[in-house]
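Have a look at the structure below, then the notes.
The values are calculated or read from the model by the stated rules, or taken from the named source; none is laboratory data. Note that the structure is a prediction, hence the values are computed from the model and not measured. Using ideal geometry, Cβ is built from the backbone for each residue, glycine included, and neighbour counts are taken over all protein chains shown. With ligands, DNA and RNA removed, areas are computed over all heavy atoms of the protein, side chains included. Shrake-Rupley method; radii C 1.70, N 1.55, O 1.52, S 1.80 Å.
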Amino acid sequence: MLSIAVTTIIQPRDERTQPARIVPGYPQTPWRNPRQPLLRRPPTLSELTGPVGLAQRVGLLGGDIAGHGERQAIGQLIHLRARVLDEDGAPVGGTLVEMWQANAAGRYIHPNDDDHAPPDPNFYGAARLLTDASGCFELRTVKPGAYPVPTRDGWWRPPHVHFSVVGKVWLSRLVTQMYFPGEPLNAQDRLLNAVPDAAARERLVAQHVAPTGDPHNALVFEHQIVLRGRSATAQQQ
Amino acid sequence: MRRAALIPTGEATVGPFFPPRYIDAGANDLTMLDGRKAKGEPIEIHGRVVQEDGAPLENLLVEIWQADAGGVYRHPADPREAQADPDFLGWGRAATDGQGNYRFRTIRPGAPAGRAPHINFMVMCSGLMRILKTAMFFEDGNDPVLLAVPPSRRSLLIAKNQYEFNIRLRGKGETPFFDD
């Protein structure tokens, strides 16, 4: 019997499109990044498979975190239309996306965040959903505020949104951050600028687009996330 | 003809504020799925994660991926997917506590085709700009991934004492990590 197995090819990335591992001025990086060279290993089925059906394991929260009914978060309402693709441009559907962000004042709901800015009782800042069949997902949220990093040299993180995406296989797992266009703090941010290639940095910045119809009360942004991996169709006896 | 490939999005650190609610209750117990027990031998894996100076890392995220008791991955790329245990997903997530300790309950994996039994690990934390990937083995053996590790460092990937797997991100006794 002939069966078709979808296999994924993972190729090395261009290092200039990925952040430096040790970032000057980001104090924890020298203690936590391996000193030994990373090892190349042959690809096997184990790394070229990955979790499927994670909604059976984790609770989904949906993508509307700007408020519920009359409990509206404070801040500039934004609508994000995002798409998850592989390196062939093929949509990655049904994959788990986890998003988290600070509130409009730059405060996270997390025991690690101190009291530099007020919490918003109507904003938790975490959306969790699956991409649709065309790899798309939509978020309704408020624009995150900037916040100071606890270093003594005045470093502030620009407004940004964190994304964790599972992808089709173990090696396509991605954790990244999305930035906003036109933010003066972008040019100084040590994490965004840890990516050497200017075009690769630009792809971490969402695009502001004109709203079309609904929602009429939100700024609209679009963003594309590209996961590692190209498809190969293998025929197996 | 193939189109030019898109460039993969740049990674970034998970940072210190990964929402605690994303560490779902039961996400570190792979032995149960929707109230049903997976097939095979239940085991416990625990370990401590430290940085260069030996300080334990709290709030570090650990994820694992593995085959089921029969050595099958519940994924369409596995030609034996139809035989995968329907009650075993193969994925788990845990966060380290104040002493740097994590813990999973899982099923001892079978040997996938061409591989020794093993469990894939990835770790993410504040200060790590990219995900670090490694693998835990149950014993030394003829495995292509283990053989990619210099002989002097292989023992660092082999679990001790049914089953303890400590991870050192940097420094003496540093865990071997893979660049894929």
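At a glance:
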| item | result |
| --- | --- |
| Cβ-defined net charge surrounding residue B:97, 12 Å radius [Lys, Arg +1; Asp, Glu -1] | +1 |
| Net +/- balance of residues flanking residue A:64 in space, Cβ distance below 9 Å, scoring K and R +1, D and E -1 | 0 |
| Volume of the Cα convex hull of the range B:4-123, divided per residue and given in Å³ | 167 |
| Minimum 20 Å² accessible area buried by the other protein chains, the range B:153-180 residues, probe 1.4 Å, relative to alone | B:153, B:169, B:170, B:174, B:177, B:178, B:179, B:180 |
| Net charge of Cβ neighbours under 12 Å - reference residue A:183; Lys, Arg +1; Asp, Glu -1 | +1 |
| Distance histogram in 5 Å bins (all Cα pairs of the range B:110-168, percent per bin) | 4, 17, 27, 24, 17, 9, 3, 0 |
| A:136, B:125, ranked by accessible area, largest first (probe 1.4 Å) | A:136, B:125 |
| Kirkwood hydrodynamic radius of chain A, Cα pairs, Å | 19.6 |
| Convex hull volume of the range A:1-120 per residue (C-alpha atoms, cubic angstrom) | 237 |
| Residues of the range B:32-152: accessible area per residue with a 1.4 Å probe, Å² | 36 |
| Percent of Cα pairs exceeding the 14 Å cut-off, where the set is the range A:66-135 | 66 |
| The range B:88-142 and the range A:145-197: distance between their alpha carbon centers, rounded to Å | 27 |
| Distance from the range A:1-74 to the range A:98-132 (C-alpha centre basis), Å | 20 |
| Global form of the range A:140-237, assessed from the alpha-carbon gyration tensor, a/c cut-off 1.5 | oblate |
| The protein assembly as shown: translational diffusion in µm²/s, Stokes-Einstein, Kirkwood Rh over Cα pairs, 25 °C, 0.890 mPa s | 111 |
| Loss of accessible area when A meets B, both sides summed, Å² nearest 100, probe 1.4 Å | 7700 |
| Whole-percent carbon and sulfur share, accessible surface of the protein assembly as shown, 1.4 Å | 53 |
